[in-house]
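Please read the structure below before turning to the comments.
Quick note: the coordinates plus some simple rules give every number you see, no bench work behind them. Model, not experiment: these values are computed from the prediction. Every residue, glycine among them, receives a Cβ derived from its backbone with ideal geometry; neighbour counts consider all protein chains shown.
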Amino acid sequence: MAPPPSMIVIRGDENSLRWYPVGRRVRLNARICLPADARYITFQRIDGGTVTYGGGGCNVAIEEPPRDSDNSGGTGSGP
């Protein structure tokens with residue numbers, strides 16, 4: 001039997017990565033909940049594309065924030 005569709009954490013802010021570290025695999029339709037102080041977490045879908053969630057709730061899809069001036073987050077900071 002084939003494994004269920006999944007996605008892998010590829011980047012996020014420090015607070016989000018405490019809950020979902022880079023490389024963590026979750027089911028595609030998993031409930032992703034982040035605390036209010038977590039800015040964003042980005043997943044690479046195994047079937048293609050990415051999805052980014054914001055803090056303060058569960059499965060709150062957002063646009064990934066631009067790269068920070070100190071290179072600590074946003075698009076391009078992951079693998």
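Remarks
- With K and R counted +1 and D and E -1, the other residues having a Cβ less than 15 Å from that of Cys33 yield a net charge of +4.
- Within the shell of other residues whose beta carbon sits under 15 angstrom from the beta carbon of Val60, the net charge comes to -2, with Lys and Arg scored +1 and Asp and Glu -1.
- Taking other C-beta atoms within 10 angstrom as a stand-in for reagent exposure, Met7, Met1 fall in the order Met1, Met7, fewest first.
- Net length gained if the chain between Ser6 and Arg45 were fully extended (0.36 nm per residue, minus Cα distance): 13.4 nm
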